[in-house]
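The values are calculated or read from the model by the stated rules, or taken from the named source; none is laboratory data. As the structure is a computational prediction, the values presented were derived from the model and not from experiment. All Cβ positions, even for glycine, are placed from backbone atoms using ideal geometry, and neighbour counts span all protein chains on display.
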Amino acid sequence: MAEKLEPFIHFEFNKESFLEVMKRHQNSLDDVVWDHVKEEGLREATYNSWKRAIEKGNRFGFRNAQTTNIAPTGTIAYLMGADTTGIEPAISLKITKNLAGGGTLTLVNNEVSRALSNLRYSHKQTEDIIDFIDKNNGVIGAPHLNPDHYSIFDTAFGDGKGNGTIAFEGHVRILGAAQPFISGAISKTCNTPHESTVKDIYDSYLLGHELGLKALAVFRDNSKPTVALTHSNRDFRELKRGEKEELPSSGNSFRQEIRIGGIPFLINVGEYNDGRPGEVVIESYSAGSTIGDALRLAGISASKALKRGVDIEDVVAGWIGLKSEPSGLVTIDNPKGSHPFIKTALSPFDFLGKHLLIHYKGRTDLANDEKLVDVKNL
């Protein structure tokens, strides 16, 4: 095209970097496992084709045109009977499709039974595991299933509770593996769980740049009220001014006993059915202490704010970095030793603010060592 129509405007200004990119595409041929390519002569033809492209590019330049890309498939993949879309990994083991005319349709990934068969599970074992997945949208704790096989069934969104999710970096590296063979961009949404943080996404864009990606799109689960496909219970509710959302009469809670500077504290966080925090109770075993009274009042204020829809990050914003006694080493009694990932605290408020954001927002940057935080078990 450039030979007949001239190269794109300002090609000469970009010639060096443009040719560098084209040679990068050419060099990616060395990464192909040609022993698996059955067509005779295809390897030689491919190398010759790229050699001519580079030679002609040096001589005539390039038009700003694309020869290959991976187009979006969206939900049309389900009409095609496909379990994944485009270059995407599976979104979830079980998906609910919201129909345009109303109603829902539950879709279960057909690859689950095939994978179990390849792993040599019996027909009866496969039925039991699939029944478990149908009820729990995950495999952790499934009957018969070897825990070493859990990661095989990881998906983009996991089970909706933070388990079994593909790390955001994994999505980006999928794109990085394919990009050298595609002249244009790749249409792929990096579907991430609700727990993904701003830092997760920021770091992944930097990694995408490092890998030479030409596009990177992100969708965080539950980031908008209406979507075509969902995998978990969605509980969006608009609270009117002054209205509050009460916790269910019985439900889950997050509980932890710690010691700060040797002083014992009990933290109990009541949760809504979808895992959001709705109540914070903080007790100090130092009866009648000033800090105990302050913590109880702070817990009451935090609980009122959470029930009125205030985000946990806003609730604890003033707690992190607050200095008061007791302070120092943070320990636990069972098992006895230092806290797993918050080793020291400036005050009980400082510890509580950090711990709540790590547990409910995935803010691993607040830990003394991010590597010590087991995100899947938060």
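So which pairs qualify, if the first residue must be in the stretch 13-27 and free of Cβ contacts under 8 Å to residues at least 40 places away in the same chain, the second must be of a type in the set (F, W, Y), the Cβ gap must be under 7 Å, and the two must be at least 6 apart or on different chains?
Pairs found: Q26/W50.
Picking from F341, F265, which residue would you name as being at pLDDT 80 or above and either aliphatic (A, V, I, L, M) or more than 28 Å from H194 (Cβ to Cβ) (or both)?
One residue alone meets the criteria, F265.
Would you pick out the residues in the stretch 304-332 that are at pLDDT 85 or above and hydroxyl-bearing (S, T, Y)?
The answer is S327, T331.
Just for the stretch 317-344: of the residues that are among the aliphatic types (A, V, I, L, M) and without any contact (Cβ under 8 Å) to a residue 60 or more places away in the chain, which one is surrounded by the most Cβ atoms within 10 Å (Cβ to Cβ)?
Filtering the stretch 317-344 down to residues among the aliphatic types (A, V, I, L, M) leaves 317, 320, 322, 329-330, 332, 342.
Retained after the next criterion (residues that are without any contact (Cβ under 8 Å) to a residue 60 or more places away in the chain): 317, 320, 322, 342.
Working: A317: 12, I320: 19, L322: 15, I342: 22.
Filtering the stretch 317-344 for residues that are among the aliphatic types (A, V, I, L, M) and without any contact (Cβ under 8 Å) to a residue 60 or more places away in the chain, the one surrounded by the most Cβ atoms within 10 Å (Cβ to Cβ) comes out as I342.
Yes or no, residue by residue, for (1) in a helix (DSSP H, G or I); (2) surrounded by 10 or more Cβ atoms within 10 Å (Cβ to Cβ):
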| residue | (1), (2) |
| --- | --- |
| K4 | yes, no |
| P7 | no, yes |
| E12 | yes, yes |
| H25 | yes, yes |
| D35 | yes, no |
| K51 | yes, yes |
| I54 | yes, yes |
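Output the number of the condition that A178 fails; it satisfies all remaining conditions of (1) over 28 Å from S117 (Cα atoms); (2) in contact with a helix residue (DSSP H, G or I) (Cβ under 9 Å, 6 or more places away or on another chain); (3) part of a helix (DSSP H, G or I).
(2) is the only condition that A178 fails.
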